[in-house]
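Heads up: the structure comes next, in structure tokens.
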Amino acid sequence: MLRDAYNGLLYIGDAITARDLTQIYDHQIAAVVDLAANEAPAVLGRDIIYCRFPISDDGSNDDSLISASIEWLRSLLERNYRTLVACSAGMSRSPTIAAASLSIITGDPLADTLSRITANAPRDVSPALFASVQGVHATLIARRRA
């Protein structure tokens, strides 16, 4: 599963896709942000940027890990790196972190961004994860305004 979530720049996928070099190269993906805590790290080509943030759906993640994943993805997107963000099934962690990053870029509310990028797509966003991301997201927004 690989789907365009933002203008051919951001793709959301699952752990299988994040490890499928054929799909990564076919879509000209330059970076993979892997959020799957319960999967082995991917082994990708030397030319692929690979960032792994082992995040859980249960809300037990350290805020600094959530913040780093949001900020790293935002940074890649702002630099126009075609990026795949992936978790085990591509339905909770990936869209949530993607929405937080996009929300910072676009200035749109987090919940609206999440709804937009998950429209017509399978999703099963963990309420505990979303609540923790909301808190971190609000902090990041406040820092940018200061």
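The values are calculated or read from the model by the stated rules, or taken from the named source; none is laboratory data. In this text, all values refer to a predicted model and were calculated from it rather than measured experimentally. Every residue, glycine among them, receives a Cβ derived from its backbone with ideal geometry; neighbour counts consider all protein chains shown. Keep in mind that these areas ignore ligands, DNA and RNA; they rest on the heavy atoms of the full protein, side chains included. Shrake-Rupley method; radii C 1.70, N 1.55, O 1.52, S 1.80 Å.
Quick one: is Asn80 modelled with pLDDT of 95 or more, at positive phi and not aliphatic (A, V, I, L, M)?
Details: modelled with pLDDT of 95 or more: yes; at positive phi: yes; not aliphatic (A, V, I, L, M): yes.
Yes, satisfied.
Which residue, of Val32, Val43, is at pLDDT below 95 and over 13 Å from Ala89 (Cα atoms)? Testing whether each residue is at pLDDT below 95 and over 13 Å from Ala89 (Cα atoms) leaves just Val43. I'd like the full set of residues that are of a type in the set (Val, Ile, Thr) and either open to solvent by 60 Å² or more (accessible area, probe 1.4 Å) or within 12 Å of Asp63 (Cα to Cα) (or both), limited to region 126-146. Scanning region 126-146 gives Val133, Val136, Thr139. When the helices (runs of 4 or more DSSP H) confined to region 30-124 are screened for residues that are open to solvent by less than 10 Å² (accessible area, probe 1.4 Å), over 21 Å from Arg143 (Cβ atoms) and in contact (Cβ under 8 Å) with a residue 40 or more places away in the chain, those reaching at least 2 such residues are found at 93-106.
The set of residues in region 1-18 being at pLDDT below 95 and in a loop (DSSP other than H, G, I, E, B) consists of Met1, Asn7, Gly8.
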